[in-house]
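Presented below is the structure to which this report refers.
The values are calculated or read from the model by the stated rules, or taken from the named source; none is laboratory data. Bear in mind that the values here come from a model prediction, so they are computed numbers and not experimental data. When we count neighbours, we look across all protein chains shown, and the Cβ atoms used for this are built from the backbone with ideal geometry, even at glycine. Heavy atoms of the whole protein, side chains included, go into the accessibility calculation; ligands, DNA and RNA do not. Shrake-Rupley method; radii C 1.70, N 1.55, O 1.52, S 1.80 Å.
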Amino acid sequence: MNILLFGPPGAGKGTQSSLLVENKGMAHVSTGDLFRAAIKSETSLGIEAKKYIDAGELVPDSVTVGMVEEELIRLKGKDIILDGFPRTVPQAEALNALLDKYELKIDKAFFLEVPEKLLMKRLTGRRMTADGKNVYHLEFNPPQQEGVCDVTGEPLIQRKDDREEVIATRLKAYEESTSPLKEFYKNQGNLVVVEGVGEPSDVFDRIASELV
Ligand code: AP5
């Protein structure tokens, strides 16, 4: 089964993806993680993407769609979670074309619903390892030792785009470009709205109950 997770910044897409990988053995494709890895390796895609990400804006569709196509080819045969892609209606249309091309389908499109006030709190308090693999929250999921990863012992960092002024731009980009996807997937008949508030394990149970 292939699914996608969408919702505003901080809705818990990455957190739920990790739980799905751990408990359901699914393969995780996060366009945000792919861009951050490309930025770290200073590839031409990374250099292009960095300008947009640091400003809280969306990376152009042309760059993003090609990157996802490579992942669909690489992971063919696995159950895939698309996290943070598509994020615009043109991306959703491009995804449908890719799904046709590779004879794949998205069984369910999960929209994680979280009130805006909580999003700001989640994002400003997020801390992570430099590779983004271990994610914490100063209040909701603090590490045992302040500023240090429980798993690897590395220092925790704050994402550049998790500063309050950049978050405001990301939320605006979400409202303008991503929120219309709710209507898109509703019309397509595979939208599932999930309440994203509560313990991560409770949100996970809500998602897992739909994966039958
Ligand atoms: P991306 O990395 O995808 O960022 P995002 O969509 O803004 O989402 P986040 O990663 O910030 O949040 P999340 O929903 O994963 O929340 P998380 O689980 O970490 O994209 C970054 C940038 O890349 C974009 O701004 C754009 O520039 C570019 N980009 C990416 N994809 C693109 C695309 N398709 N097209 C164009 N540009 C693209 O949780 C957040 C915090 O809350 C954590 O600290 C966590 O511990 C905590 N938390 C999570 N769940 C709960 C809970 N249930 N209760 C309490 N705390 C919780």
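Against the conditions (1) assigned to a loop (DSSP other than H, G, I, E, B); (2) open to solvent by 70 Å² or more (accessible area, probe 1.4 Å); (3) within 14 Å of the ligand (Cβ to nearest atom), where does LEU58 fall short? Just the number, please.
(2)
Do we find a residue being modelled with pLDDT of 95 or more, within 22 Å of PHE184 (Cα to Cα), more than 11 Å from the ligand (Cβ to nearest atom) and among the polar types (S, T, N, Q) anywhere in segment 25-32?
no
Among all residue pairs at least 6 apart or on different chains, which show Cβ distances below 6 Å where the first residue, located in segment 90-106, is open to solvent by less than 70 Å² (accessible area, probe 1.4 Å) and the second is β-branched (Val, Ile, Thr)?
Listed pairs, sorted by first residue: ALA94/VAL65.
Across segment 35-54, which residue is least open to solvent (accessible area, probe 1.4 Å) among those that are within 8 Å of the ligand (Cβ to nearest atom) and of a type outside the set (Phe, Trp, Tyr)? Show your work before the answer.
Taking segment 35-54 and keeping what is within 8 Å of the ligand (Cβ to nearest atom), we get 35-36, 49, 52-53.
Narrowing further to those that are of a type outside the set (Phe, Trp, Tyr): 36, 49, 53.
Numbers: ARG36: 74, ALA49: 0, ILE53: 27 Å².
Checking each candidate, the answer is ALA49.
Residues in segment 93-112: is at least one within 18 Å of ARG159 (Cβ to Cβ) and either touching a Leu at 6+ places or on another chain (Cβ under 6 Å) or not in a loop (DSSP other than H, G, I, E, B) (or both)?
no
Looking only at residues that are touching a Lys or Arg at 6+ places or on another chain (Cβ under 8 Å) and of a type in the set (Asp, Glu) in segment 165-212, which one is surrounded by the most Cβ atoms within 10 Å (Cβ to Cβ)?
Per the stated criteria, the residue is GLU210.
Can we say LEU5 is more than 18 Å from THR169 (Cα to Cα), near the ligand (Cβ under 10 Å from one of its atoms) and assigned to a helix (DSSP H, G or I)?
Numbers: more than 18 Å from THR169 (Cα to Cα): yes; near the ligand (Cβ under 10 Å from one of its atoms): yes; assigned to a helix (DSSP H, G or I): no.
It is false that LEU5 is more than 18 Å from THR169 (Cα to Cα), near the ligand (Cβ under 10 Å from one of its atoms) and assigned to a helix (DSSP H, G or I).
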